[in-house]
Each structure stands twice: as structure tokens, then as C-alpha cells.
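Written out below as C-alpha cells is the structure these notes cover.
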Amino acid sequence: MKLIVTGGAGFIGSHFAEQALAAGHEVIVLDDFNDFYSPEIKKTNTKGLVDHAQICNMDIRNGDRVRTLFAETKPDTVVHFAARAGVRPSIQNPELYLDTNIKGTFHLLEAARNVGVSRFIFASSSSVYGVLKTIPFREDMCLNQTISPYAASKLAAEQLCSNYSYLYDMRCISLRFFTVYGPRQRPDLAIHSFTRSILEGTPIRQFGDGSTRRDYTYIDDILQGLSASLTYGGPNYDVFNLGESETTPLSALISTLESALGRKALIERLPEQAGDVPLTFADISKARSLLNYQPRTKVSEGIPRFVEWFRQTQI
């Protein structure tokens with residue numbers, strides 16, 4: 001199978017590209033190496049790829065370049081991770097998020113249609129569930145209010161995938177990721193930034209009273225769901241939650257990090273942030289049934305693994 005992996009220099013994308021290569025697939029990595037966080041980190045992420053995959057420095061907002069790449073390489077499958085990420089930055093610069101995450105996805109879908117791509121896998125987000133009160137979140141819930149431009153852009157991109165699946169007989173699968181963590185996690189995300197702050201003896205920034213809860217999902221479990229989606233043969237358009245189906249309060253996450261690091265956290269308590277959801281909790285019964293998705297890594301195991309990686313690579 002020949003795959004284009006967009007965002008393949010990022011946290012999840014680079015792990016997936018390595019897994020795809022190990023499985024014998026031909027991989028073309030598309031990434032613009034932007035400065036949302038250090039491009040050097042992304043270059044480090046691709047060290048295991050450079051000798052085995054084609055790496056294209058390209059912005060998905062450039063439709064002409066995207067179409068040319070697809071015409072030249074003629075992939076079978078697209079796995080689309082590339083996006084402007086983060087709820088809070090999307091509130092500060094919504095146009096960039098809408099342009100990249102919606103229009104960029106459109107460019108990829110158009111290019112895929114033009115060359116007859118048979119499968120398009122889209123990395124969506126649990127943010128699309130907004131502030132729904134009914135938990136756990138199921139894929140068939142009515143999503144009538146997102147609360148950040150980032151979430152809106154992900155939900156809109158899901159709908160574009162649905163359109164292309166219906167209109168052009170392209171198999172499209174949207175995977176809603178729930179707070180993914182593990183080695184190579186972006187430095188701006190909570191587990192990574194908290195770990196650094198605790199080790200450096202600087203305060204961590206805790207928004208709210210510590211009661212917000214997240215369904216933290218270890219990278220290996222996400223990769224399991226991604227691998228299964230490459231061969232999924234159900235409806236031409238489908239949506240799956242990929243989470244652990246457990247929720248952890250922010251205060252408990254900090255305690256788990258303290259235990260793994262052997263140090264106490266200094267905490268700067270701040271007001272809740274606009275756009276942050278109070279709770280994420282995945283119903284993964286559909287993924288269990290149709291993708292044979294079996295997440296195995298509890299937070300109590302995953303956090304020490306992350307800390308071990310951090311100590312080996314970041315200090």
C-alpha cells in the first residue's frame with residue numbers, strides 16, 4: 001500500500017509513519033515543519049524516516065502543490081494528521097485554523113479524488129463533542145455546538161470527508177482522538193509541559209480547580225486503532241472514538257506525575273480557560289466491535305513510560 005501521511009513529522013504522525021513502514025507500506029510524509037513548536041523537534045521525530053520514506057516539506061493550504069504531489073505519487077491511501085492544533089491558540093487566531101484545517105483538508109480530498117485514492121483516514125478530535133452532558137460520548141450523538149474554532153474546524157473537516165465519501169465513492173474514516181500522550185508528545189500539551197516544570201522546579205499552570213477530567217489515551221493504543229482503520233471494510237463513511245474510556249481529573253494527573261518524577265509540583269492556579277471543555281469520556285464500544293480496538297495502557301502505566309522517555313531525551 002502506498003500512503004501519504006500528512007503531518008508525518010508530528011507527534012502521532014511520525015509514530016504512525018514508522019509503524020506503516022515496519023508493516024511494509026510505502027510512505028510519503030507531507031509536513032510543513034511550521035514553528036507552532038520548534039521545527040527541530042519535528043526533524044528529530046523524522047530521523048527514523050529519512051532513509052526509508054519520501055519527505056515533502058509542504059503546506060496543505062497550497063492546493064496546487066498538493067495536487068502536483070498526488071499526481072506524481074498516486075497514493076492508494078491518505079492518513080491525514082496535518083492541522084493547526086490546540087484550543088486556546090485557535091481562539092487567538094481563528095482564521096489560520098479555519099484556513100488550514102478546513103481548506104487544507106479540502107485540498108487533500110480534491111487531490112485524492114483526482115487520482116482515485118481509495119481510502120482517506122482523518123484524524124479528528126474529541127473536541128467536537130463540546131460541552132455535552134451525556135457521557136460517555138458516542139459517535140452517533142447530535143453535535144450541535146462546538147466551543148472553539150479548533151473544534152469547529154475538526155467537525156467541519158469530518159463533514160467534508162463525509163461529502164467526498166458520498167459523492168465520489170471514496171472510503172473515508174474519521175477517528176476522534178481523546179487526549180493522546182506518550183513519547184514525542186507536543187511540548188505545549190499538559191503532560192509534557194507539567195513534566196518539564198516539575199523537574200525544573202517552576203510552577204505549572206493549572207487552569208480551574210483541578211476537577212476537569214480527560215480521557216487520556218496512550219500513543220500505542222491510538223496506533224492500534226489507526227492500523228485497524230487501514231483495512232476496515234464497513235460503511236464507506238464511518239466515525240470512531242479512539243480513547244481509553246476512562247477519565248482522570250487534572251488533580252489526579254498531577255499527582256501521578258509527581259509520583260513518577262519523585263517531586264512535588266508547584267502550582268499556579270488560574271481561572272478556567274475559554275474554549276476548554278470540562279470533560280472528555282469516550283464510548284469505545286463501536287471501535288472495540290468493528291476495529292477490534294483494545295486499549296491496554298492505563299494512565300498509571302503510561303505516565304511513567306512518558307517520564308522515562310522525557311528523562312532520556314529531554315534533560
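Taken over segment 127-157, the criterion of being over 19 Å from residue 95 (Cα atoms), modelled with pLDDT of 95 or more and of a type in the set (Ser, Thr, Tyr) is satisfied by 129 alone.
Test of understanding: among 253, 199, which residue is touching a helix residue (DSSP H, G or I) at 6+ places or on another chain (Cβ under 8 Å), buried (at least 19 other Cβ atoms within 10 Å of the Cβ) and part of a helix (DSSP H, G or I)?
253
Of the residues making up segment 1-47, those that are polar (S, T, N, Q) and outside any loop (DSSP other than H, G, I, E, B) are 6, 14, 19, 44, 45. Flag not set for residue 106, criterion: crowded, with 24+ Cβ neighbours inside 10 Å and of a type outside the set (Ser, Thr, Tyr).
So residue 65 passes all but one of these: (1) in contact (Cβ under 8 Å) with a residue 24 or more places away in the chain; (2) over 19 Å from the mean Cα position of the chain (by Cα). Which condition number does it fail? The single condition residue 65 does not satisfy is (1).
Does segment 106-123 contain at least one residue that is under 15 Å from the mean Cα position of the chain (by Cα) and part of a helix (DSSP H, G or I)? Outline the logic, then answer.
Filtering segment 106-123 down to residues under 15 Å from the mean Cα position of the chain (by Cα) leaves 121-123.
When the remaining residues are screened for being part of a helix (DSSP H, G or I), the result is none.
No; the residues of segment 106-123 include none that is under 15 Å from the mean Cα position of the chain (by Cα) and part of a helix (DSSP H, G or I).
So, of the residues in segment 186-240 that are of a type in the set (Lys, Arg) and touching a Pro at 6+ places or on another chain (Cβ under 8 Å), which turns out to be nearest to residue 281 (Cα to Cα)?
Within segment 186-240, the first condition is being of a type in the set (Lys, Arg), and the residues that meet it are 186, 196, 205, 213-214.
Narrowing further to those that are touching a Pro at 6+ places or on another chain (Cβ under 8 Å): 196, 213.
Details: 196: 26, 213: 8 Å.
That would be 213.
Condition check ((1) farther than 20 Å from residue 314 by Cα; (2) buried (at least 17 other Cβ atoms within 10 Å of the Cβ)) across all residues:
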residue	(1), (2)
2	yes, no
7	yes, yes
10	no, yes
30	yes, yes
35	no, no
39	no, no
48	no, no
57	yes, no
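Of the residues making up segment 122-149, those that are surrounded by 23 or more Cβ atoms within 10 Å (Cβ to Cβ) and either closer than 19 Å to residue 243 by Cα or not assigned by TED's automatic domain parsing to the domain that holds residue 166 (or both) are 122, 123, 124, 125, 126, 127, 128, 129, 137.
Within segment 221-236, being assigned to a helix (DSSP H, G or I) and touching a Ser or Thr at 6+ places or on another chain (Cβ under 6 Å) holds for one residue alone: 221.
What do you reckon, is residue 212 among the hydroxyl-bearing types (Ser, Thr, Tyr), modelled with pLDDT of 95 or more and crowded, with 18+ Cβ neighbours inside 10 Å? Criteria not met by residue 212.
The values are calculated or read from the model by the stated rules, or taken from the named source; none is laboratory data. Computed from a predicted model, the values in this text were never measured in an experiment. For neighbour counting, all protein chains shown are included, and Cβ atoms are generated from backbone atoms with ideal geometry for every residue, glycine included.
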